[in-house]
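The values are calculated or read from the model by the stated rules, or taken from the named source; none is laboratory data. Predicted, not measured: the structure shown is a model, and the values here were computed from it. All Cβ positions, even for glycine, are placed from backbone atoms using ideal geometry, and neighbour counts span all protein chains on display. Please note that ligands, DNA and RNA were not included when accessible areas were found on the heavy atoms of the full protein model with its side chains. Shrake-Rupley method; radii C 1.70, N 1.55, O 1.52, S 1.80 Å.
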Amino acid sequence: MSDTIFATYPLRPASYAATLGSTVIVIPHPDDEALGCGGLLALLGQTGQPTAAVLVSDGSMSHPHSHDFSAVARRELRYAELRHALAVLGLDENNVLYLGLPDSQVPSHGPAFEQAAQELAGFLARQQAQTVLVPWRRDPHPDHRASSLLATAALSQLPVPPRRLEYLVWAWERAAPADLPQPGEGQGFRLNISGVLGQKQRAIAAHRSQLAPGIITDDPSGFLLSDSMLAHFAQPSEAFIESTTSL
């Protein structure tokens, strides 16, 4: 199983976070930052290193049939939850680039993709990013894969691309064998986040619309994170793949 494979990665100490320098996280949807690398973000917050965020999608499609919450209201709710989570992690909740791409339909090519890649590249340059956190390139969600491609396109525009660390969200539960890291694609490791696990859990809890019983209660088909999914992110370590090849 994929979770067993990730659990075999060597463990690095929490002090590793201090080596990353100025860091930008690319987030497909609000909550992915807390789930995939909330511990690392909390450790970065403790070091005082500049850390910024890029939200790729507008997050509005988790409850698409709600009448109580319009698409604009859902978007603003999820944006507010993201800012709350970032503040819990000790980051500047105002240092966020909102690309506003459509949730569940983040493009992987075309004019909107190219425009977003250009915006992202400019943001990375302004932040003087030394490390970029991006979703694992084959994380089993189309928006996560498109976000990875978007990051790749943006990084290709920079004269000196920053270090690229890929984090896992859906791969813990849904990864097929072909989705897993292959030899030569990167160096996998786990990061000890035991000292900030409580912070990570509070950041996840900030995304109230995604946790039972939820806030948007008039859409029975709406998405909520399952207990089995959340269990992967209640562990004292987080898994990453450091890219060693150009994509």
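Couple of notes before you dig in:
- Hits in the range 191-244 (condition: over 16 Å from A85 (Cα atoms), among the charged types (D, E, K, R) and open to solvent by 30 Å² or more (accessible area, probe 1.4 Å)): D218, D227, E242
- Within the option set A14, A18, being touching a helix residue (DSSP H, G or I) at 6+ places or on another chain (Cβ under 7 Å), free of Cβ contacts under 8 Å to residues at least 40 places away in the same chain, within 17 Å of L165 (Cα to Cα) and surrounded by fewer than 24 Cβ atoms within 10 Å (Cβ to Cβ) holds for one residue only, A18.
- Only one entry of A146, A175, A239 meets the criterion of being in contact (Cβ under 8 Å) with a residue 40 or more places away in the chain, under 18 Å from the mean Cα position of the chain (by Cα) and over 27 Å from M61 (Cα atoms), and that entry is A239.
- If the condition is being under 20 Å from E33 (Cβ atoms), among the acidic types (D, E) and open to solvent by 20 Å² or more (accessible area, probe 1.4 Å), then the range 82-125 contributes D92, E93, E119.
- In the range 94-126, the residues that are within 15 Å of H29 (Cα to Cα) and acidic (D, E): D103
- Matching residues in the range 139-169 - criterion: being among the charged types (D, E, K, R), in contact with a Leu (Cβ under 9 Å, 6 or more places away or on another chain) and open to solvent by 50 Å² or more (accessible area, probe 1.4 Å): R163
- Qualifying residue in the range 176-188 (condition: touching a Leu at 6+ places or on another chain (Cβ under 8 Å), of a type outside the set (A, V, I, L, M, F, W, C) and open to solvent by less than 70 Å² (accessible area, probe 1.4 Å)): no
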